1. What are the residues in segment 222-232 that are outside any loop (DSSP other than H, G, I, E, B), under 32 Å from the mean Cα position of the chain (by Cα) and over 12 Å from L201 (Cβ atoms), if any?
2. Consider G122 against the criteria (1) farther than 23 Å from S171 by Cα; (2) in a helix (DSSP H, G or I): it satisfies all of them except one. Which criterion is unmet?
3. Does I196 count as of a type in the set (V, I, T), in contact with a helix residue (DSSP H, G or I) (Cβ under 9 Å, 6 or more places away or on another chain) and either surrounded by fewer than 19 Cβ atoms within 10 Å (Cβ to Cβ) or not in a helix (DSSP H, G or I) (or both)?
4. Checking the condition crowded, with 17+ Cβ neighbours inside 10 Å, of a type in the set (K, R) and more than 23 Å from E225 (Cα to Cα), which residue from R174, R112, R160 passes?
5. Tally up the residues in segment 125-174 that are in a helix (DSSP H, G or I), without any contact (Cβ under 8 Å) to a residue 24 or more places away in the chain and over 19 Å from the mean Cα position of the chain (by Cα), please.
Amino acid sequence: MRTELTSSDRMRQVLKGHIDHEGVQTLLEAAAACDEAQQCLADEDYETALEIALPLVLLQTPVVANRAKETAIAALDELMERALAAGQPQRALQYIEQWLRIEPKGFFPLLRRAEILQHEFGDLHEAWTAYLQVLRHYPDSIEAFLGLAQLALAEGNPERAYPYLLRAWQSLARSTWAYTPSARTMQSVFEDLYDITAGMLHWLGSADEARELTEKALALLGDSEILKERMQIIEDSGD
């Protein structure tokens, strides 16, 4: 005689079939590892924090993977900046590449890579490609527009710089920022924006307009060595 399962029996069997002791153990261990990585981060042991956090980023459990990713990125950020401060740009780039492997479209690491290639290596070609990659993902990046304009000017090609400088001004109201748009960050970006623009006006044949713009920028942004240098260039030209 066939025994019919009651509703309670069926629920009990289904529930037992989903009990996963190994899954619980894995999550507990992962959470403990995240705690350890966070403590290493707090202790400024960034290498160890990264070593612990990176494997956890690959876990299929979002809550653990996301937390580990945040820790790994924080460690990579610190390690990159320390490498640059120690005069090790190649090592800094290696940290950037690790960062981009776990955050392929990360705004900050994409821009930082372009800046390192430009300022630390002087590799104008690779920096140009890197800035264009930023714009593919973040088409209103004022920082990338200015980087490209600076590269074009470094090549002695103001005509190539012009469209990027124009786009920087056109995107001002809707611009996106890889760096935290603090007053300090904006001050630095706007100094470059006015400096390049004044230089462009001067190149286009109007020293008076370049001088007037630089004066307005100094009044707006305050004591700026970059803008003072621009003013001196204009005055020394005798135009």
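The values are calculated or read from the model by the stated rules, or taken from the named source; none is laboratory data. What you are looking at is a predicted structure, and each value in this text was computed from that prediction instead of being measured. Reconstructed Cβ throughout: ideal geometry from the backbone, glycine too, with neighbour counts over all protein chains shown.
1. E225, I226, L227, K228, E229, M231
2. If we test G122 against (1) farther than 23 Å from S171 by Cα; (2) in a helix (DSSP H, G or I), just (2) comes out false.
3. no
4. Selected residue: R112, the only one of R174, R112, R160 that is crowded, with 17+ Cβ neighbours inside 10 Å, of a type in the set (K, R) and more than 23 Å from E225 (Cα to Cα).
5. Matching residues across segment 125-174 total 10.
Residue-by-condition table, conditions (1) farther than 21 Å from A217 by Cα; (2) modelled with pLDDT of 95 or more; (3) among the acidic types (D, E); (4) out of contact with any strand residue (DSSP E or B) (no Cβ under 9 Å at 6 or more places or on another chain):
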position	(1), (2), (3), (4)
A127	yes, yes, no, yes
L135	yes, yes, no, no
A161	no, yes, no, yes
Y164	no, yes, no, yes
F190	no, yes, no, yes
